[in-house]
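Only one structure is covered here, and it is reproduced in the block below.
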Amino acid sequence: MPKRSIEIDDEVFEFLQSRSEPLVDTPNDVLRRLLLRDAGLPAKSAEDRRPGDLMPFITAGLLEAGDKLIHVQPRRGLTHEATVTADGWLEIEDGRAFSKPSPALKAQTGVDINGYGKYVLKKNPEVRLQDLREQLRGGA
């Protein structure tokens, strides 16, 4: 596909940055996700991006595509949900996808937070993502 250049102002660039995963998404990735998804066209597919950090969990049978992870903020009365994708990424409620749990959770809560320590399996809330990581490493 041929590449084109466009100029954007600082305000638009900041908007694109706020909806991107640092060191992963390009401005084009963000525009594609935001504009083409709403038009019913496919966003960047699993074949077009590298596997996410949860791919080893899927390969080991600890997670499956479509599994839901949640983080509950009881004092704020909020529950954040993320869906594991077939390529090991996390997709949050607004459609953004992240290759790592912590940036996904930061996008949901607005603060730096350990996604492995705070996300739990929706189908089994006593199991943290960290517990699965320890199983993967052979520690449990």
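Out of the total accessible area of the chain (probe 1.4 Å, heavy atoms of protein only), what percent is carbon and sulfur?
52
With a point put 7 Å past each Cα toward its Cβ, work out how far ALA65 is from SER5 in nm, to one decimal.
The modelled label-to-label distance comes out at 3.8 nm.
So for the pair LEU35, LEU78, with labels modelled 7 Å out along Cα→Cβ, what separation do we get in nm?
According to this spin-label approximation, the distance is 3.0 nm.
Quick one: grab the alpha carbon gyration tensor of the chain, order the square roots of its eigenvalues as a ≥ b ≥ c, and give me rounded if a/c is under 1.5, else prolate or oblate depending on whether a/b is larger than b/c.
Because a/c hits 1.5 or more and a/b exceeds b/c, the chain counts as prolate.
Given the DSSP H assignment, sum -39500 (n - 2.57) over each helix run of at least 4 residues in the chain and divide by its residue total; what's the result at 222 nm in deg cm²/dmol, nearest 500? If you can, show how the numbers build up before the last one.
Working: 6 runs with 40 residues, N = 140.
Computed ellipticity for the chain at 222 nm equals -7000 deg cm²/dmol.
The values are calculated or read from the model by the stated rules, or taken from the named source; none is laboratory data. Values in this document were obtained by computation on a predicted structure and should not be read as measured data. We place every Cβ from the backbone using ideal geometry, glycine too, and count neighbours over all the protein chains shown. These accessible areas exclude ligands, DNA and RNA; they are computed on the full protein's heavy atoms, side chains included. Shrake-Rupley method; radii C 1.70, N 1.55, O 1.52, S 1.80 Å.
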